[in-house]
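To start, the structure under review is shown below, and the notes come after it.
Only the coordinates and a few stated rules stand behind these numbers; no lab work does. This structure is a prediction, so every number in the text was calculated from the model and none was measured. Neighbour counts are summed over all protein chains in view; Cβ atoms, including those assigned to glycine, are modelled from backbone coordinates with ideal geometry.
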Amino acid sequence: MNKGPYYITTAIAYTSGKPHIGNTYEIVLADAIARYKRAQGYDVFFQTGTDEHGQKIEEKAEAAGLTPKEFVDGVAAQIKDIWDLMDTSYDKFIRTTDTDHEKQVQKIFKKLYDQGDIYKGYYEGLYCTPCESFFTESQLVDGKCPDCGREVKVAKEEAYFFKMSKYAPRLIEYINEHPEFIQPVSRKNEMMNNFLLPGLQDLCVSRTSFKWGIPVDFDPNHVVYVWLDALTNYITGIGYDCDGQSTEQFRKYWPADLHLIGKDIIRFHTIYWPIFLMALGLPLPKQVFGHPWLLQGDGKMSKSKGNVLYADQLVDFFGVDAVRYFVLHEMPFENDGVISWELMVERMNSDLANTLGNLVNRTISMSNKYFGGVVSNTGVSEAVDEELKACALETVKAVDAKMEKLRVADAITEIFTLFKRCNKYIDETTPWVLGKSEEMKPRLATVLYNLVESICIGASLLDSFMHQTSQKILGQLNGKLRSLEEMEQFGLYESGSKVTEKPEILFARMDINEVMEKVEAMHAAQAQPEETAYPEVEAKPEITIEDVDKLQLLVGEVLTCEPVKKAKKLLVMQVRVGSQTRQIVSGIAKYYKPEEMVGKKVIVVANLKPAKLCGILSEGMLLAAGDDADHLAMVTVDRDMISGSTVS
């Protein structure tokens, strides 16, 4: 039964590097929803892809000695390989460097400019390069980017702007009238209270400080702001043309039924994107779901923290479907989920090897032992059979209800509740006891039939989430993948069918100690020193030896060191410099504890004019080295030189 079109998208992955398992979760989640919608009878179009422009890409390509296009070609291929590895059933993989996409973005920009929604001006603000976003001072968190926590830089440049405030009242009204538009509700409240209701500023939609982007064709010094470029993939990928020549595919699938995205980019998808669509005269997507993050331990995965897990690594250890099961089952609806090697092994052993794998193995083994593999329904029933049948049929309804609300983890829990009920049914009916008596063989046959039938229903439900495992189970039972309508009936397994002679182990139990040894060995093999990225040093005007002679640099010994109560950044030290003791105030409290400074032999600028810092007299300055990564180290002597020695 064709229920009509259903268009689902993921956020397109940014091609700055290999996606970790937290990034990969989104494509697996989208795949599970897309597969389930197909099972319901929808004509599904599932789009994913890569976001390939921006300053960060330009900088990474330069550091790698590649052109930006060469760089993104490599990363996009890597992303696609991982999506394919995870057995995802997308219909289109779009790249924002695709020629047809770039042409449409230029046409969209020109259309919005011609109708007065975009105008030229100047932008001066705080810019986060990794997020490709501008922020005001009030939007920063502890002086850093509110989205990623990194440093922001002051930027000023000529730019085109989009009149966000023109459409804000209309968007507020739309969100209020369509409570299902932003999910979960907590994300909706965040967007309304933090961004829309306080008032939207006009949005910068072009850049001139870098070149790796889609050129504004009527003003080639500008490239299109990466978010205007990236967001439009959802319509260009299915054939939108702002000249009125859109394809039949676009007319069929737009508006999208679901944009599935990470919670960190929900602002772009529920404020900027709807407003762009309003300006283009297009209907808004039916729903935007901002899923939570998959965390490693107690923090968000990042390469800088060294806590990144990759899908291909996990698949090497556990297999594709075990990884799919874990990321789908362990992620709550609204709150962040946690992944670790230890938790993966625990789920592998308890849920997959024991609850599911052992159930299938025991059922097939008993069918072969007692009936030569033939499964027959003799109709010798007892009350406990009805309980199992009711559980199986209720599971179908429960899974459908959970999936309707995108509660994927809860849907999988329902399926495994059925498998647990099957295991309980084995304990209740004791097939090994029934098998001892010829008189009880008809009853035993029905017990095994009920088990096989229940497992076939469970395996068919499991297909959307663990497709390969579903196929393996049904193949071993000689069963067929059922539609949702067929799963509403108990007893469709053909009596007299024969299961496989030798059941395949679906999931093998794992020893946590052995796994962790292999993990440590893997990390050790991968631990290669990173190539140093040396900073570009900006030259200052040349000086002469006479200029150097003006500085009096002496070795000093730190005698005491205390924090300055009025200033968290400052330490005040008593420093012996020759026969004198000087008081020196230095802004190094972030990098050194007071006790770490005591006894150090430091370099003192001894003839610097005294000055007061926070009301405290400072009689010199200490030399230190700092880098762009916010590291700082005091300049010291590598031998035990006497205090007061001249540095030359």
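The overall shape of the chain, judged from the alpha-carbon gyration tensor, is oblate: a/c is not under 1.5, and a/b is no greater than b/c. Backbone geometry of region 189-195 corresponds, through the Karplus equation with coefficients 6.51, -1.76 and 1.60 at θ = phi - 60°, to 3J(HN,Hα) couplings of 4, 4, 5, 5, 6, 8, 10 Hz, x marking Gly and Pro. Scalar couplings 3J(HN,Hα) for region 480-491, obtained by applying the Karplus form with A = 6.51, B = -1.76, C = 1.60 to θ = phi - 60°, are 10, 5, 9, 6, 5, 5, 5, 6, 7, 10, 9, x Hz; x denotes Gly and Pro.
In this structure the amide hydrogen of residue 15, modeled in the peptide plane, comes within under 5 Å of the amide hydrogens of 51, none closer than 5 places in sequence on its chain. Placing +1 on each Lys and Arg Cβ and -1 on each Asp and Glu Cβ, with no other charges, gives the chain a dipole about its Cα centre of roughly 1000 debye. Taking amide hydrogens as placed 1.01 Å from N in the peptide plane, the amide H of residue 44 sits under 5 Å from those of 6, each at least 5 positions away in sequence or on another chain. For residue 295, what residues show an amide H to amide H distance below 5 Å, using hydrogens built from the backbone and excluding near sequence neighbours? So residue 295 has HN proximity to 337, 338, 339. Taking packing as the residue-averaged number of other Cβ atoms within 10 angstrom, the listed peptides 628-634, 602-608 run from highest to lowest as 602-608, 628-634. In terms of its C-alpha gyration tensor, region 88-219 comes out rounded, because the ratio a/c of the largest to the smallest axis stays below 1.5.
Computed from backbone phi with θ = phi - 60° and the Karplus coefficients 6.51, -1.76 and 1.60, the 3J(HN,Hα) list for region 563-573 is x, 8, 4, 7, 9, 5, 8, 9, 10, 10, 10 Hz; x is used for glycine and proline.
For the chain, DSSP calls about 70 percent of its internal beta bridges antiparallel.
Only DSSP H runs of four or more residues enter the estimate; each adds -39500 (n - 2.57), and after division by the residues of the chain the mean residue ellipticity at 222 nm equals -12000 deg cm²/dmol. Return the subset of 472/502; 397/420; 397/498; 37/480; 56/156 for which the Cα-Cα distance in this structure is over 21 Å, preserving the input order. The answer is 397/498.
Tell me whether region 340-498 comes out rounded, prolate or oblate; compute the Cα gyration tensor, take square roots of the eigenvalues as a ≥ b ≥ c, and use a/c under 1.5 as the rounded threshold.
prolate
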